[in-house]
Amino acid sequence: MSVRYTPATLIEFATALQVKAGVEADKARVVAEILVEGDLMGHTTHGLMLLPQYLAEAEKGGLTKTGQERVIADFPAAVSWDGNRLPGPWLTVRGLALAAERAKKNGTCTLMIRRSHHIACLAAYLRPIAEQGLMVILSCSDPSMSSVAPHGGRRKVYTPNPFAAAWPTAGYPVILDVSMSITTNGMISRCRNEKRPMPGKWLLDADGNPTDDPNVLFNEPPGTLLPMGGVDHGHKGYAFALLVEALTGGLAGFGRAEPGEGWGATIFIQVFDPAFFGGRKDFTRQTEFVADACRENPPRPGFERVRLPGESGLRRREKQLATGIELYAAILPSLEPWGKKFSVPMPAGS
């Protein structure tokens, strides 16, 4: 029988580890909540699996443990921050809260954050915004790193560049979180660590040949990750990746043209209040009509039914809130050395 953990237990554990590493308690708590939310929704490569890397970054100084963001520009519906390499989840949660507040006053707000640290699972942030009746877009890139080749090329240029969004319907909100690469760096690392091939030929070796070998990304010369759409339709993921680069590095005025500072993120946040446009009631009437048309669509062979984006994650979240979180097998072993180092007891499951 699998061991399960209450979200509160995991949040307290993750918070305590970060505090021991010198991260301010309020920041540590928000980071812990976002990581656990990722695991609640089933995003197991972008939940607590990231915490050992965050702790290592805090130790070596790649992550700023104390302080505040610096405001670069502040207009009613357009805000820019320098994140000072503070914890990405803490900055993102604060940014979303401010953008939602401004959207309720002005109809929309766009907020840019340059020089943030890594922000984990984008989908983990969106449900609370959609539940306020708002529509949200969240995207990020890492200007100091690259792992994805442009369509037709064989040298890495940009990161997976996830694009996420959420909006309300009469039932579950729609939540999408899509990388502009065919898979994530986290999944490649997991397959490499577990000595198994990728599920498909999702990478290119250094000569540009498609392969399912996750090791090619770490060879010298390195291979690359294919854009979303793969060999055949990668032009689509490539185009959207360039859009993310413009939304993040372009609008922030800080990106790949600068010298790399280490693992991090440039973040694009945009929130809309439908009340300022066609009205909240009619917004939901439209989104629910389309959602119903999708849900009621007859499933093709191999599918039980048609689901909305994010529905599986939200149902998994509800179940795990009730029964406890079943963590991916590699997560707690990766945190045991940190627990011993900081004298923080490992979480008790049931």
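Every number in this text was worked out from the coordinates using simple rules, so none of it is lab data. Since the structure is predicted, the reported quantities are computational estimates derived from the model, not experimental observations. Every residue, glycine as well, gets a Cβ built from its backbone with ideal geometry; the counts of neighbours run over all protein chains shown.
Under 37 °C and 0.692 mPa s, how fast does region 183-225 diffuse according to Stokes-Einstein, given a Kirkwood radius computed over C-alpha pairs? Answer in µm²/s, whole number.
D, rounded to a whole number, is 333 µm²/s.
Placing +1 at every Lys and Arg Cβ and -1 at every Asp and Glu Cβ, with all other atoms neutral, what dipole size does region 307-350 have around its Cα centre, in debye to the nearest 20?
My answer is approximately 80 debye.
May I ask you to order 177-187, 328-338 by the average number of other C-beta atoms within 10 Å around their residues, highest value first?
177-187, 328-338
Using the crude model of +1 on Lys and Arg Cβ and -1 on Asp and Glu Cβ, and no other charge, please compute the dipole size for the chain relative to its Cα centre, in debye to 20.
180
For the chain, return all DSSP H helices satisfying: extent of Cα atoms along own axis at least 24 Å; mean Kyte-Doolittle hydropathy at least -1.0.
Helices meeting the span and hydropathy rule in the chain are 88-106.
Which is farthest toward the positive dipole end of the chain among Phe240, Ala257, Cys294, measuring Cα position about the Cα centre, with Cβ charges +1 (Lys, Arg) and -1 (Asp, Glu)?
Farthest towards the positive end: Cys294.
Cα-based Rg (one decimal) and Dmax (whole number) for region 220-328, in Å?
Rg and Dmax of region 220-328, Cα atoms, are 20.1, 56 Å.
Where the only charges are on Cβ atoms (+1 Lys, Arg; -1 Asp, Glu), what is the dipole of region 229-350 about its Cα centre, to the nearest 20 debye?
320
Which residue fluctuates most in the GNM of the chain (Cα springs below 10 Å): Leu243, Leu111, Leu63?
Leu243
Can you divide the C-alpha Rg of the chain by 2.2 N^0.38 Å and report the result to two decimal places?
0.99
Can you sort Met41, Met346 so the residue with the fewest Cβ neighbours within 10 Å comes first?
Ranked by crowding around the Cβ, least crowded first: Met346, Met41.
Order the peptides 274-286, 226-238, 115-127 from the highest to the lowest mean number of other Cβ atoms within 10 Å of their residues.
115-127, 226-238, 274-286
How about region 265-347: which GluC sites (Glu not before Pro) there are in a DSSP loop, with at most 11 other Cβ atoms within 10 Å of their Cβ?
Glu296, Glu304
For q = 0.22, 0.25 Å⁻¹, what log10 I(q)/I(0) does region 1-58 give under the Debye formula with an equal point scatterer on each alpha carbon and no solvent?
Here the Debye-derived log intensity ratios amount to -0.80, -0.99.
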